[in-house]
Amino acid sequence: MTTFAAIAPQLAEQAIELPSWAFGNSGTRFKVFGTPGTPRTIQEKIADAAQVNTYTGLAPSVALHIPWDKVDDYAGLRSYAAELGVQLGTINSNTFQDDVYKFGSLTHLDPVVRQRAIDHHVQCIEIMDATGSRDLKIWLADGTNYPGQGDIRGRQYRLAESLHAIYDRLGPAQRLVLEYKFFEPAFYHTDVPDWGTSYAHVAALGERALVCLDTGHHAPGTNIEFIVAQLLRLGKLGSFDFNSRFYADDDLIVGAADPFQLFRILFEVIRGGGYGPDSPVAFMLDQCHNVEEKIPGQIRSVLNVQEMTARALLVDRDALAAAQAAGDVLGANGVLMDAFYTDVRPALAQWRASRGLPADPMAAFAASGYQETVAAERVGGTQAGWGA
Ligand code: PSV
Ligand code: MN
C-alpha cells in the first residue's frame, strides 16, 4: 500500500469551504434551538469560521448566503475576513423565501417574477466582484406538488432562458454552479432534480457553468461515486456540498452517517483528477448543526473529509489496476478495502503537529475558551438563523 509519507504533500493541498449558515441557528419545522454564543452578524459568523481554520488549517474560506449575509460594504467584509485569515468564497443566491416565489423563481410563468429572480442573481454577481468570489451557486426550490399543477416542459425552457441571462453577466474569472436536489420543498417534481438535468443546463450555458453535487440530494441507495466519475469525465463537476444523511436532506456532519460512502466518493474524485489546487472542483460543506455545538461540528466535519481523503489517497492504484486487469475481483476489492480500513488518525495527528497545528483540533478548540468567551460576550441582539 502507498505510505502516509508519500501522500502527505497532497494532504497539504486540501481546502474545504465552510458555509456561513452552519454557524447560525438551524432546526427542523418543529423547533429551532438557540445556543449561547450563536453569532448575530455575518462578522461573528466569519469569526467563528476562522476558528475552524485556526485549529485545522483546512478551511481557508467562507461561503455567503444572500440576503442572509447582506452588508453595505462587501469590500470591507472581505478585509475583515482577511484579517482573520480567511477569504470570502462562494456566493449562494436565495430565491426561496419571498412570497413572490411561491410558484417558482427562474422558472416562473410570470416574466416579472422571473426578471426579479434574475436581478437577484445579478446582484449576487456584483457582490462577487466586491468579495473576490469565484463561484455563484444556484440552488432552486422551484417545482410543483401535484401532477398537472405546472407545465414541467415549459418550466425547463424558461429555466434555460433565465440561466442564460445570469450566465451572460458573469465576469471572465467567475463561474456558475447549478445544484440539483430530487425533492423538497416541492414534492411532486423539482425543476433541477438530478445531475443529468443540471448537466444539460450547464452544458448549454458554456465552459464556466458546472454542476454542484450536494451529497444529501439523492434518493437513498444512489451510487454517488458513479455520478462523480461521470461528471469528472465530462469536465463538468464544479463543486461539492458535503454533508451526510440517513433519510432525506438531513444536512448532518459529513462522514457521520456513512464514512465508507465518503471514502468511495473521494477515491473517485482523486481518480478523476478532481483533487488538488489545479482541479476545478471546490470542496464545500453544506450542513446544519441543530443539536450539537456548531464550531466543533464544523471542525469534526473538515477532519472527517481530511481523514477519508487520506485513506483514499492511500489506495494502491497500480495494484488495483493490475487486479482489475487480471479479473481478480476479490483482489481488487481487497486493495480498496485495505486503504479504507487503515486508521490514519495517529499519522494525521503527528503530521498536524509537525506543521504547527494542534494534534487534536477538537481538544485544542475546547481548551481555548473561545466558546465560553463568545457565550459571555454575545448577549442581546438577534441570533442568526435561516432568514437572518
Ligand atoms: C437546501 O436544500 C440547501 O441545503 C441547498 O443544498 C443549498 O445548497 C443550501 O440550502 C443553501 O441554499
Ligand atoms: Mn447544498
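Comparing Ser26, Ser239, Ser105 in a Gaussian network model of the chain, where Cα atoms under 10 Å apart are tied by springs, the biggest mean-square fluctuation is seen for Ser26.
Among beta bridges identified by DSSP and lying wholly in region 14-377, the antiparallel ones come to about 15 percent. Proximity of backbone amide H atoms, modeled 1.01 Å from N, is registered between Asp251 and Ser244 at under 5 Å, excluding neighbours fewer than 5 places apart on the same chain.
Amide H contacts under 5 Å for Leu210: Leu176, Val177, Leu178, restricted to partners 5 or more places along the chain or on a different chain, H placed in the peptide plane at 1.01 Å from N.
Rounded if a/c is under 1.5, else prolate if a/b beats b/c, else oblate: with a ≥ b ≥ c from the C-alpha gyration tensor eigenvalues square-rooted, which is the chain? Here the chain falls in the oblate category.
Where a ≥ b ≥ c are the square roots of the eigenvalues of the C-alpha gyration tensor, would you call region 36-76 rounded, which needs a/c under 1.5, or, failing that, prolate if a/b is larger than b/c, or oblate? Oblate, since a/c reaches 1.5 and b/c is not below a/b. Between Thr95, Thr215, Thr35, the residue with the greatest mean-square fluctuation in the GNM of the chain (Cα pairs under 10 Å linked by springs) is Thr35. Taking a ≥ b ≥ c as the square roots of the eigenvalues of the Cα gyration tensor, region 238-388 is prolate, since a/c reaches 1.5 or more and a/b is larger than b/c.
Indicate the helices, whole DSSP H runs only, in the chain that combine a mean Kyte-Doolittle hydropathy of -0.5 or more with a Cα extent along their long axis of 27 angstrom or more.
Taking the DSSP H segments of the chain (at least 27 Å long, mean hydropathy at least -0.5), we get 111-131, 294-313.
Taking amide H positions as modeled 1.01 Å from N, with prolines and chain starts lacking one, the residues under 5 Å from Gly89 and 5 or more places away or on another chain are Val62, Ala63, Leu64. Counting only residues at least eight positions apart within a chain, or on another chain, the aspartates and glutamates with an alpha carbon under 13 Å from that of Lys102 are Asp110, Asp142. Summing Lys and Arg as +1 and Asp and Glu as -1 over all other residues whose Cβ lies under 12 Å from the Cβ of Asp241 gives a net charge of -4. Taking the centroid of alpha carbons for each part, region 141-162 and region 59-122 are 22 Å apart.
Structure remark: mean-square fluctuation, Gaussian network model of the chain, C-alpha springs under 10 Å; the largest value among Ala204, Ala59, Ala22 belongs to Ala204. So which lysines pass the test for Lys294, namely a Cα distance under 25 Å, with those fewer than 8 places away in the same chain ruled out? Cross-link targets: Lys31, Lys45, Lys70, Lys137, Lys181.
Every read-out reported here was derived from the displayed coordinates using simple, explicitly stated rules and does not represent laboratory data. All figures in this text were calculated on a predicted structure; none of them were measured in a lab. Here the Cβ is made from the backbone with ideal geometry for all residues, glycine too, and neighbour counts use every protein chain on show.
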